[in-house]
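Chemist: Quick one: this structure, given as structure tokens, is what I'll be asking you about.
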Amino acid sequence: ALDLRTDEIEAQGFTVVCGGRKQLFYIHKPTSNLTVGSVQSFLDAWLRENGGKIDYIHGADVVESLAAEKNSLGILLPDMQKSELFPTVIKDGALPRKTFSMGHAADKRFYMEARRIVANI
């Protein structure tokens, strides 16, 4: 149990987006050093019990657009700070899936496209 609340006092925060609405939640008993790790642990357990599909998207605008679709939900997580890398690896071991990503979504997209174009020459 994550002990989810809507009060912020010393907690990991994230935003749930669904049907054009946003709600901020705070985890008061985190299972990981990073919010993404605590949320991922919960989602892994939930998927084992209930089934479903998760897609990892970079860019709040894309998440909000997809979460507006029927039977969809988006979770906006805080960016990982560079200063959190070593403390998280020491405490948790490996980083949660899709965590180690620096920069903005549009920049990453350009980098991947540019790399592919160069690789095909």
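Chemist: Return the pairs, sorted by first residue and then second, in which the second residue is of a type in the set (A, V, I, L, M, F, W, C) and in a loop (DSSP other than H, G, I, E, B), the first residue lies in the range 52-76 and is free of Cβ contacts under 8 Å to residues at least 24 places away in the same chain, the beta carbons are less than 7 Å apart, and the residues are 6+ apart or on different chains.
Modeler: The qualifying pairs are Leu66/Ile57.
Chemist: Same structure, new question: Of all residues being of a type in the set (Phe, Trp, Tyr) and more than 11 Å from the chain's Cα centre (by Cα) in the range 20-68, which is surrounded by the fewest Cβ atoms within 10 Å (Cβ to Cβ)? Just the residue, please.
Modeler: Going through the range 20-68, the residues of a type in the set (Phe, Trp, Tyr) turn out to be 25-26, 42, 46, 56.
Keeping just the survivors that are more than 11 Å from the chain's Cα centre (by Cα) gives 25-26, 42, 46.
Details: Phe25: 19, Tyr26: 19, Phe42: 15, Trp46: 12.
In this case the residue turns out to be Trp46.
A short reminder: the numbers here are calculations on the coordinates, not readings from a lab. Since this is a predicted model, take the numbers as computed values, not measurements. Heads up, the Cβs are rebuilt from the backbone with ideal geometry, glycines too, and the neighbour counts pull from every protein chain shown.
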